[in-house]
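Only the coordinates and a few stated rules stand behind these numbers; no lab work does. Values in this document were obtained by computation on a predicted structure and should not be read as measured data. A quick note on method: Cβ atoms are made from the backbone with ideal geometry, for glycine too, and the neighbour counts reach across all protein chains shown.
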Amino acid sequence: MTDNGKTRLGERFLSRRGEVLGDLGFEDDPGRPERRADGGVTFWHYTRRNRLSMILGTAGGLWARKRAFFSTELTPEFEGMYTVEGFLDPKPEWLDDSPYFGGEGGRQWRGGIGEVLLRVDLPAGFRNVWVADHGHPLEVKAVQRGHRAPLGLGYDCRTGHEANRAYAHSLVPIERYRGGHLAPVVTVMRAGPGIAIPRACVSVAEVQPRMQRTG
C-alpha cells in the first residue's frame, strides 16, 4: 500500500508469481522464444572473446557463475541457484529503443556482456529455463537517477529490494512464455556454480550485431 492508502500499481508483482506488465496495458517487447521443429528452443548469449576457447572446448559450455537473487517465500525453489542469462533476440529492441526506458537497458547491460554473440540451441525438455522481466529493475534505476518512474509502479526505490522481488516473481517457464515482458531476459539456472549449458548446445552466431561496423 502507498502512504495515501491506495494500492500501488506494482503490488501484484510483489505478492504474486507469473504476472506480466503487458497485462496492465504496457507495450511489451516483441521478442518471443524461438521454438524449433525438433521441440527445442533457441536463445542468444553474449560473451567475451577471451572466454571462447573455454566455452567451445571439448569440456566446455556456459558456466553459471552469477548467484541468482530470485529466492523469496513465493520462489523457494530458487534458493542457492546460479544462472546464465541471455536474450530472446540477437539484438533485443528493449536494449536500445524501449518505449519506456529508451536506451537505458543497453547502457546498463553493455558493461557486463561481451561482444561475441553465441547461439544456444537447447533440446526439448531442457529444465530450469525461464524468461524474466528486467523492466522492474529498470523502473527503480530510473528513479534512483532522479527521473520520474517510467511505469509508475510505486516501488520503494531507496533500495532495489522490491524491484528484485518483482523480478523474481516475473519468471515464466520459457515453454509457457507468450509475451508480456517489457525487457525479457532468458535465465538458465542450476544448483551451485558450474556448467549450466553443455558445449553441444552452443555455437558462434552467424550474425554479430556488436561487431558490425557502422558508417
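Numbers at a glance
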{"item": "Sparsely packed chymotrypsin sites (Phe, Trp or Tyr not before Pro) within the stretch 37-146, loop by DSSP, other Cβ within 10 Å at most 15", "result": "69"}
{"item": "In order through the stretch 80-87: 3J(HN,Hα) via Karplus (6.51 cos²θ - 1.76 cosθ + 1.60), integer Hz, x for Gly, Pro", "result": "x, 8, 10, 9, 10, 10, x, 10"}
{"item": "Selected from 157, 82, 72, residue furthest toward positive end of dipole (the stretch 28-208; charges at beta carbon)", "result": "82"}
{"item": "Listed residues 27, 19, 73, most fluctuating in the chain (Gaussian network, C-alpha, under 10 Å)", "result": "73"}
{"item": "Chain lengthening between residue 26 and residue 110 when straightened (0.36 nm per residue, less Cα-Cα)", "result": "27.8 nm"}
{"item": "Gyration tensor (alpha-carbon) shape descriptor, the stretch 59-130, a/c threshold 1.5", "result": "oblate"}
{"item": "Gyration tensor (alpha-carbon) shape descriptor, the stretch 91-215, a/c threshold 1.5", "result": "oblate"}
{"item": "In sequence order, calculated HN-Hα J values of the stretch 158-175 (Karplus, 6.51, -1.76, 1.60; Hz; x Gly/Pro)", "result": "5, 10, x, 4, 5, 5, 5, 5, 4, 4, 4, 6, 7, 5, 10, x, 4, 6"}
{"item": "About the Cα centre, charge dipole magnitude for the stretch 28-208 (Lys/Arg +1, Asp/Glu -1 at Cβ), debye", "result": "560"}
{"item": "Long-range amide H partners of residue 204 with built H, under 5 Å", "result": "119"}
{"item": "Cα convex hull volume per residue for the stretch 1-126 (Å³)", "result": "167"}
{"item": "Gaussian network model of the chain, Cα within-10 Å springs - most flexible of 121, 23, 38", "result": "38"}
{"item": "The stretch 57-69 - phi-based ³J(HN,Hα) in whole Hz, Karplus 6.51/-1.76/1.60, Gly and Pro as x", "result": "x, 4, 9, x, x, 9, 7, 8, 10, 9, 6, 6, 10"}
{"item": "Other-chain or far-sequence residues with amide H under 5 Å of residue 195's (modelled H)", "result": "64"}
{"item": "Nearest-ten-degree value, helix 135-144 long axis tilted from longest Cα axis of the chain", "result": "60"}
{"item": "The stretch 44-92 and the stretch 128-145: distance between their alpha carbon centers, rounded to Å", "result": "17"}
{"item": "Over the chain: Kirkwood hydrodynamic radius from C-alpha pairwise inverse distances, Å", "result": "18.0"}
